[in-house]
Amino acid sequence: SPTSQPPTDSPTTSPPTLPPTGSPTKFPTTSPTNFPTSRPTNFPTNSPTSQPTTDSPTTSPTTLPPTGSPTKFPTISPTNFPTSRPTNYPTNSPTSQPTTDSPTKNPTAAIATSEPTASLSCTGMSISVNVFTDKYPGETSWTLTNLCTDQTQESVGLDALYTAEATEYSNTYCVPPAEYTFEISDKWSDGLCCNYGDGFYKVTSDETDVAYGTEFGNSESTTFGSCRTPGQPVIATYDSNLGAPKCSTVGVSCTSGDDLLDGMGNFELNPSNSLDECTDGTKGDYHVDESVDKITVTAIGGDLLQAGAKAKIEAKVWAWEEGRYDTADFYYAPDASSPEWKHIRSVMAGGGGSRTLTAEYQLPASASVGVQAVRVNFRFNGQQSPCSGGDYDDTDDLAFSVIAGDAGSIVTQPNLTELPALDLQIINCELLVKERCVAASSSCLWMNGSYNGCYPNEPM
């Protein structure tokens with residue numbers, strides 16, 4: 001059955017190069033290649049792909065041999081920029097999810113600190129115990145006892161932690177603020193040095209060295225810390241029974257805050273904020289004329305307010321104009337419920353507007369917890385007084401709790417020398433308006449009529 005059509009219009013005129021195959025394909029290609037390979041494979045696949053892998057096969061295949069263990073799960077999105085330095089130790093547990101959708105192209109070159117912090121979360125005392133062992137590390141033990149609760153806070157027993165000789169062990173513990181005794185012991189009473197090595201121990205509390213030793217025989221101990229809770233500033237609240245601001249709890253300081261005493265007379269809350277019958281003046285405008293705005297009492301030295309100890313009073317006041325005629329009188333009373341005012345000192349304003357004036361004194365002694373008080377009498381002109389009562393004068397009190405003095409250290413009574421009353425300021429009466437002239441009646445006299453004006457109050 002010869003073909004009815006020749007397969008080509010230009011049959012070859014040369015003899016065929018190879019004899020025809022004995023097993024011709026049943027599915028000849030309709031698009032034979034124009035460039036048959038010169039090195040056909042000797043091991044053609046028995047399962048050729050039904051679809052080509054790409055429409056544009058590479059013209060530069062890799063020169064590396066194919067892997068002997070191809071992956072069963074090839075990626076469908078290969079990278080366009082493979083690394084030139086693949087890892088030698090790939091992970092056995094890769095993440096199932098990428099860490100971020102937008103990884104940084106410029107990762108930080110982090111440098112680890114050589115001294116990492118012991119504990120960022122410790123809100124108590126951070127105590128570190130360093131032990132450099134001798135030749136018999138298992139003989140060393142120690143205990144940390146809380147003297148406020150009489151309980152063992154931390155401990156290391158024999159053969160428990162220290163197992164390697166000539167090795168430094170460092171451990172940090174976060175413990176409640178308290179007074180502690182650290183006791184270290186050696187089973188054979190030869191310490192950490194120097195017959196069987198050159199060991200030592202060191203204990204720090206909040207980064208402060210509190211104990212160190214080498215040769216201590218059987219044991220030695222060190223006590224540090226305090227059972228007293230660190231004090232905090234206390235903000236007063238108005239006490240309707242006393243009629244003035246009061247700090248009911250003991251702190252390192254007691255303050256009226258920014259609101260309770262701000263202004264004078266009807267401008268301040270709960271006028272007149274005094275422990276007795278003393279009242280404020282009836283004239284003046286807010287932060288134009290005189291006022292006591294804030295009072296704070298602080299223990300000197302940062303401890304709690306304690307009977308028999310020293311304290312500092314700060315008075316924030318508002319002085320009229322240049323303040324040249326304004327003075328603050330400072331007083332204290334041992335018992336806020338029945339005040340007997342004792343003068344500490346008097347301080348001139350020294351300028352106008354907002355001023356802060358201070359006085360120091362010794363808190364009255366007491367063998368029990370009590371409530372004491374201070375007073376600031378801020379006056380225009382006049383003389384030293386716990387209650388001057390002038391038209392522009394403001395008198396405010398602050399009551400506060402104190403702890404009892406330590407046994408054996410209670411002062412019988414504050415030995416304060418009362419300062420003499422300040423001389424009347426030389427006042428230029430002629431420059432005063434009528435209201436101020438009348439308020440300065442001890443120095444000035446207002447005259448009506450043809451002599452209308454303010455004149456020095458001099459005997460005729």
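What follows is calculated from the coordinates using simple rules that are stated; it is not laboratory data. Bear in mind that the values here come from a model prediction, so they are computed numbers and not experimental data. Counting neighbours? That spans all protein chains shown, and the Cβs are built from the backbone with ideal geometry, glycine included.
Students often forget the sequence filter, so: which lysines lie under 24 Å Cα-Cα from K312 once same-chain residues fewer than 8 apart are removed?
Output for K312: K246, K294, K342.
Between A164 and I300, take the C-beta separation as r, use R0 = 51 Å, and let me know the FRET efficiency to the nearest 0.05.
Between A164 and I300 the formula returns 0.50.
Please work out how much length the chain gains when fully extended from S450 to T152, using 0.36 nm per residue of separation minus the C-alpha to C-alpha distance, in nm with one decimal.
That works out to 98.3 nm of additional length.
Around E168, under 13 Å between beta carbons, what's the net of Lys plus Arg minus Asp minus Glu among the other residues?
Around E168, the charge tally is -2.
Filter the GluC sites (Glu not before Pro) in the stretch 255-296 down to the DSSP loop ones having no more than 14 other Cβ atoms within 10 Å, then list what survives.
Passing sites in the stretch 255-296 are E277.
Could you calculate the contour length gain from S121 to S240, that is, 0.36 nm times the residue separation minus the distance between their Cα atoms, to one decimal place in nm?
Result for the pair: 38.6 nm of gain on full extension.
What lysines could a cross-link reach from K187, if we take a straight Cα to Cα line under 17 Å and drop same-chain neighbours fewer than 8 places away?
K135
Which of the three applies to the stretch 221-368, rounded, prolate or oblate, going by the alpha-carbon gyration tensor with a ≥ b ≥ c and a/c under 1.5 meaning rounded?
Prolate shape, in that a/c is at least 1.5 and a/b is the bigger ratio.
Take every Cα pair under 8 Å in the stretch 236-344 that's 6+ residues apart, average their separations, divide by the length, and report that relative contact order as a whole percent.
Across the stretch 236-344, relative contact order equals 22 percent.
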